[in-house]
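Colleague: Take a look at the following structure, please.
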Amino acid sequence: MAGHDLPKQPVTVGRNTQLNDFGMRRMGVHRARFLLESLAALGGELRQRGSNLLVLMGAADEVIPKLVSQFNLDQVLTLEEMAPDERAELARVTRRLGNIAVQQAPANNLLRREELPCTVEQMPHVFSRFRSLVEDRLHVFQPQSAPAKLPALPEGAHALIQPLPTLSQLGLGEPLSVAASAFPFSGGEPAALARLRDYLWQSQGVRHYKETRNGMIGSEYSSKFSPWLANGSLSARRVISELRRYEAQHARNDSTHWLWVEMLWRDFFRWTLMRHGSALFKAGGLKATENASNRLDRRFKDWTRGQTGMPLVDANMRELAATGFMSNRGRQVVASYLINDLQQDWRHGAAWFEEHLIDYDPASNWGNWAYLAGVGNDPRQNRVFNALRQARTYDPDAQYVTLWLPELRDVPQALRHTPFLLAGGHLRTLGYPQLTRIPESWKPYLHQVA
Ligand SMILES: Cc1cc2nc3c(=O)[nH]c(=O)nc-3n(C[C@H](O)[C@H](O)[C@H](O)COP(=O)(O)OP(=O)(O)OC[C@H]3O[C@@H](n4cnc5c(N)ncnc54)[C@H](O)[C@@H]3O)c2cc1C
């Protein structure tokens, strides 16, 4: 579901707990919880308009044709899909439906296909070019409002309505609620619109976005729109039309402009995925290079468990596992660490994110990972983040690592980013792993604050 304020019914929930090509679940507990909350909210919105939501379990290409024939329906409405697996699934459903029309509404992008500055095949390879082409045009984004009334379900369909599955029924267990979460919000359109209102009009956090966006603690350092954007509870066009309204009243500044630029990144990755399809998921990515590492060893597991011995990386990975969210700064640091320091196959990192992120979106996730692995849209060959330098710059008082790594709380603050400098015996008693090698590039930052 994506794109408009009100997705269409019915919704099928089937592949959630399937494994992806890397042996990881396609959806973990945090995103599943968020999705179930989103569906519950959607059901409420539909009922208010005289309709209802039917959630069916199973493969879409079996469930939907069966429903169509059972109720003698004459058309199926859905949203345009951007990613190859989902496009293939839609093609299977369409084939199975035979003569029944399948109509696709535009996906939850900012730009419609006809508003792109070029054809999809001519999409610029580099973001700055895409941005300058788009910014030259004066776009007005007018999101469609949800209709006040919708048709009732066909007769007899009410009998099929069942309560939404629980997380345990989906084989996922219940997530613990974590007070330190940077995303303490619920799924669904009402929660999304409340956050939009708050970030733009009440707290006006957007006014300082450019200065705060590299933060890692709390809900206010960035907009947190991504989980709702990813599952269609929030329309990208609504975000920008509200942003424009805000700018008209309170004036535009660097921060409001930067939020627009980040939303353009989202569109850039989506249209790039549309253009390149499955190439984005290959080790050699868009560059089709043979040089990408396909190594996978114990260090990957240590990375997933937040047990590498590099505190900033471990803290971020533990936040992800505990809450389903990680800041953009954290994502860049842990991805670069896996790719460049641990020299592991980047696709396994992307697949780990796919399972765990509450805001997982195929284009943004695989696009950013490929970019950092040097096989995506980055004109530079190797974008290496020095993890210790990042720690000194973005967590100067070690507040973030202290929040997520309780075993380091008794270590003197000055050593919390470098516990590997403590004597080996001391680290063992703390139960924190010893780094095997201190990279040469960290030496200037070992004792110094950036
Ligand atoms: C390795 C890696 C994996 C990522 N995986 C995802 C993912 O699966 N889903 C996802 O939505 N984002 C992903 N991102 C992008 C970015 O980290 C998140 O969109 C952002 O952190 C979400 O928080 P926010 O909504 O508060 O963002 P804000 O900073 O408030 O930005 C506003 C919106 O702009 C868009 N945006 C911002 N940065 C990016 C970016 N680098 N690429 C694409 N869109 C962006 C998002 O829609 C975001 O909601 C990834 C980034 C990296 C480095």
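Colleague: Near LYS210, which lysines are there with a Cα under 26 Å away, not counting those fewer than 8 places off in the same chain?
Modeller: Counting by Cα, and skipping residues close in sequence, LYS210 has these lysines nearby: LYS224.
Colleague: Still on this structure: From the alpha carbon gyration tensor of the range 189-275, can you work out the equivalent ellipsoid semi-axes (sqrt of 5 times each eigenvalue) and give them in Å, largest to smallest? Numbers along the way, then the final one.
Modeller: Numbers: eigenvalues 77, 45, 40 Å².
After diagonalising the Cα gyration tensor, the semi-axes are 20, 15, 14 Å.
Colleague: Would you mind classifying the range 35-113 by shape? Square roots of the alpha carbon gyration tensor eigenvalues, ordered a ≥ b ≥ c; an a/c under 1.5 is rounded, otherwise it is prolate if a/b is larger than b/c and oblate if not.
Modeller: Because a/c hits 1.5 or more and a/b fails to exceed b/c, the range 35-113 counts as oblate.
Colleague: Spelling out what I want: for every residue of the range 280-288, take phi, set θ = phi - 60°, compute 6.51 cos²θ - 1.76 cosθ + 1.60 (Karplus), and round to whole Hz; glycine and proline get x.
Modeller: With coefficients 6.51, -1.76 and 1.60, one gets 5, 9, 8, 4, x, x, 6, 8, 6 Hz.
Colleague: Taking the highest mean first, how do the peptides 393-401, 23-31, 285-293 order by number of other beta carbon atoms within 10 angstrom per residue?
Modeller: Answer by packing, highest mean first, reads 23-31, 393-401, 285-293.
Colleague: Using only Cα atoms, tell me the angle between helix 254-276 and the longest principal axis of the chain; keep it within 0 to 90° and round to the nearest 10.
Modeller: The two axes meet at around 70 degrees.
Colleague: Now, a different point. What are the residues whose amide H is under 5 Å from the amide H of ARG25, where those residues sit 5 or more places off or on another chain and H is modelled from the backbone?
Modeller: Answer set, sorted by chain and number: ASN20.
Colleague: Rounding to the nearest 20 debye, state how big the charge dipole of the range 355-401 is about its Cα centre with +1 on each Lys and Arg Cβ and -1 on each Asp and Glu Cβ.
Modeller: Details: 4 positive and 6 negative charges, 71 e Å.
Magnitude of the dipole: close to 340 debye.
Colleague: While we're on this one: Could I have the simple spin-label model distance between SER241 and VAL261, label points 7 Å from Cα toward Cβ, reported in nm to one decimal?
Modeller: 2.6
Colleague: Take the alpha carbon atoms of the chain, find their radius of gyration, then divide it by 2.2 N^0.38 Å using N residues; give the quotient. Walk me through the intermediate numbers first.
Modeller: Working: Rg = 22.9 Å, N = 450, 2.2 N^0.38 = 22.4 Å.
So the Cα radius of gyration is 1.02 times the expected 2.2 N^0.38 Å.
Colleague: What is the angle, in °, between the Cα long axis of helix 84-97 and the longest principal axis of the Cα atoms in the chain? Nearest 10 is fine, range 0 to 90.
Modeller: With both axes taken from Cα atoms, the answer is about 20 degrees.
Colleague: Need one word for the range 260-350: rounded, prolate or oblate. Basis is the Cα gyration tensor (sqrt eigenvalues a ≥ b ≥ c); a/c below 1.5 gives rounded, then a/b vs b/c decides. Each step should come with its number before you reach the end.
Modeller: On the way: a/c = 2.50, a/b = 1.27, b/c = 1.97.
Here the range 260-350 falls in the oblate category.
Colleague: Please figure out what share of the DSSP beta bridges in the chain is antiparallel and state it in percent, rounded to the nearest 5. Spell out each step's value before the answer.
Modeller: Details: 1 of 9 bridges.
Antiparallel: roughly 10 percent of the beta bridges in the chain.
Colleague: Something else: From the phi of every residue in the range 235-242, what ³J(HN,Hα) in whole Hz does the Karplus formula 6.51 cos²θ - 1.76 cosθ + 1.60 yield, where θ is phi - 60° and glycine or proline is x?
Modeller: Computed from phi, the couplings for the range 235-242 are 8, 4, 5, 5, 4, 6, 5, 5 Hz.
Colleague: Here's something else I'd like to know. What is the chain's relative contact order, in percent, from Cα pairs under 8 angstrom and six or more apart in sequence?
Modeller: Relative contact order here is 18 percent.
Colleague: Oh, and also: Run the numbers on the range 298-445 and let me know its relative contact order in percent, using alpha-carbon pairs under 8 Å that are six or more apart.
Modeller: Normalised by residue count, the contact order of the range 298-445 is 25 percent.
Colleague: Let me ask something additional. Percent of Cα-Cα pairs per 5 Å bin, from 0 to the last occupied bin, for the range 132-173, please list those.
Modeller: 5, 12, 9, 9, 11, 11, 11, 9, 10, 11, 2
Colleague: Give the calculated FRET efficiency between SER203 and GLN142 to the nearest 0.05, with a Förster radius of 25 Å applied to their Cβ-Cβ distance.
Modeller: Calculated transfer efficiency: 0.45.
Colleague: Expressed as an acute angle from 0 to 90° and rounded to the nearest 10, what is the orientation of the C-alpha long axis of helix 29-48 relative to the principal long axis of the chain?
Modeller: Long axis of 29-48 versus the principal axis of the chain: about 30 degrees.
Colleague: Continuing with this model, one more query. Take the chain, connect every pair of alpha-carbon atoms lying under 10 Å apart with a spring to form a Gaussian network, then pick out the residue of GLU220, GLU114, GLU189 with the largest mean-square fluctuation.
Modeller: The residue that fluctuates most here is GLU114.
Colleague: Moving on to the next point. Treating only the Cβ atoms of Lys and Arg (+1) and Asp and Glu (-1) as charged, compute the dipole magnitude of the chain about its Cα centre; round to the nearest 20 debye.
Modeller: It comes to approximately 440 debye.
Colleague: Treat the range 298-445 as a sphere of radius equal to its Kirkwood radius over Cα pairs and apply Stokes-Einstein at 10 °C in a medium of 1.306 mPa s; give the translational diffusion coefficient in µm²/s, rounded to a whole number.
Modeller: 102
Colleague: What list of ³J(HN,Hα) values in whole Hz, one per residue of the range 174-186 in order, does the Karplus curve 6.51 cos²θ - 1.76 cosθ + 1.60 (θ = phi - 60°) give from phi, with Gly and Pro shown as x?
Modeller: 9, x, 7, 8, 10, 4, 7, 4, 7, 10, x, 10, 9
Colleague: Place a +1 charge on the Cβ of each Lys and Arg in the range 189-275 and a -1 charge on the Cβ of each Asp and Glu, then give the dipole magnitude about the Cα centre in debye, rounded to the nearest 20.
Modeller: Dipole size: approximately 220 debye.
Colleague: A further question on this structure: What order do you get for SER186, SER132, SER327 when you list them from fewest to most C-beta neighbours inside 10 Å?
Modeller: Ordered by Cβ neighbours within 10 Å, fewest first: SER132, SER186, SER327.
Colleague: Something else now. Divide by every residue of the chain the summed helix terms, -39500 (n - 2.57) for each DSSP H run of at least 4, and state the resulting mean residue ellipticity at 222 nm, rounded to the nearest 500 deg cm²/dmol.
Modeller: -12500 deg cm²/dmol
Colleague: Can you tell me which of 167-174, 361-368, 415-422 comes out highest on packing, and rank the rest after it, using the mean Cβ neighbours within 10 Å?
Modeller: 361-368, 415-422, 167-174
All of the numbers you see were taken from the coordinates with simple rules; none came from a lab. Treat the numbers as computed from the prediction; the structure is a model and nothing was measured. Glycine gets a Cβ as well: all are built from the backbone with ideal geometry, and neighbour counts include every protein chain shown.
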